[in-house]
1. Can you tell me the Rg and Dmax of the chain, counting just the alpha carbons, in angstroms?
2. Residues with amide H under 5 Å of G209's amide H, sequence separation 5 or more or different chain, H placed in the peptide plane at 1.01 Å from N; which?
3. Enumerate the amide H contacts of F127 below 5 Å, restricted to partners 5 or more residues apart or on another chain; note that Pro and chain-start residues carry no placed amide H.
4. Rounded to the nearest 20 Debye, what is the dipole magnitude of the chain about its Cα centre when Lys and Arg each give +1 and Asp and Glu each give -1 at the C-beta?
5. What ranking do 299-305, 127-133, 9-15 get when scored by the average of other Cβ atoms within 10 Å per residue, highest first?
6. What are the residues whose amide H is under 5 Å from the amide H of V194, where those residues sit 5 or more places off or on another chain and H is modelled from the backbone?
7. Which whole-angstrom value gives the distance between the alpha carbon centres of segment 1-56 and segment 256-281?
8. Determine ³J(HN,Hα), in whole Hz, for all residues of segment 198-208 in sequence, where each value follows from phi through the Karplus function 6.51 cos²θ - 1.76 cosθ + 1.60 and θ = phi - 60°; x replaces Gly and Pro.
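Nothing in this text is a laboratory measurement; each read-out follows from the coordinates by a stated rule. Not measured: the values here are computed from a predicted model. Note that each Cβ is placed from the backbone with ideal geometry, even for glycine, and that neighbours are counted across all protein chains shown.
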Amino acid sequence: MPRPRHDFRPRPEQMALWPTISGNAVNGLGERAPRRASPIYWHEPDRTPHGPLQRWFYENSFGDPQIAAARAERQAILDSALAPVAPEPAVLDAEQWTAGIKAAALAGGADIVGITEMRPEWVFEGFEVGQRWIVMLGVAHDYARIRTAPEPQAGAEVIRQYGRGNQAAKAVASWIRERGHDAHPHGGPMAGPVVLIPPAIACGFGELGKHGSIIHRRLGSSFRLAAVLTDVPLLADAPDRFGADAFCARCRVCSDACPPDAILPDKQWVRGEFKWYVDFDRCLPYFNEHMGCAICIAVCPWSRPGIADNLVAKMARRFGAAPDAAAADRAPGRD
Ligand code: SF4
Ligand code: SF4
């Protein structure tokens, strides 16, 4: 993996598009009161202050053949048809729906699947979600490809996995619709109505890492998310806390590796939550000029194949069954 340099200077033509508002202000950095997330990136570019930068990212990466091939592959999946809702609604209980949906997710290409009840605070400002349940899907990167970040091969791998996430989400939604109930798939990179990381944490995918991505107990941070919204009766999974948060408190591999020094060393208040945070204004220019970057998830020790099991065991030895008790750090004034 090429060693990052920390003397990155964004290209002037990119910075000429920078809006007057900081992305950190849009994200609610420093805000102690809860509120919904505001759309910032991967939404309709005409509706967000950073939209011109989002367009620039696409244009900047047009010429690379690996990126172009991965985008074509993903577009074919996005264009594929979703099954119509069958006229006769099946009558299944929550156990049957849950088992069927999880099997359909794995058969459709997901590597992990979890279910949780939707919460209003996960819906982006300006959007509405009426469904009661969200089915979360995770698709793993090919580590040999993602570890080349920030080379185009890693960017293409991210695009390819977004395609696979969309494919799995469509498979699950189609499975539900073929049984006479509505379901709405969603996969990246374009954001839908829901912020995906909070429900992924709630359904047991893992803990938020210092690099702003989830750390899963088996996949580390080397995976992408997709989701399906539905009203069929389901059973919720529990969150999974195994000590990743406490591990991050003593680790700085990602922050040392981040070329623009965007990964903050300490937790911050963000819209009423005290959590790890990546400086949007520092990350985005590098991200935009390096095919989506992904260095931080590639270097995270949890992402290396064969390592996560050992780290889970190590954290269990250190903190027993209650990693929360050791938690990294507490919100000021909360102890
Ligand atoms: S590299 Fe270290 S600090 Fe960063 S997310 Fe991974 S474990 Fe946490
Ligand atoms: S994606 Fe952003 S935060 Fe992560 S290493 Fe790259 S620039 Fe840093």
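1. Expressed in Å, the Cα Rg and Dmax of the chain come to 19.7, 62.
2. Excluding prolines and chain starts, which carry no amide H, the hits are I214, I215.
3. Sorted by chain and number, the residues that satisfy this come to none at all.
4. The calculated dipole for the chain is roughly 860 debye.
5. With the highest mean Cβ count within 10 Å placed first, the list reads 299-305, 127-133, 9-15.
6. F124
7. Using only Cα atoms, the two centres lie 13 Å from each other.
8. x, x, 5, 5, 4, 8, x, 6, x, 10, 6
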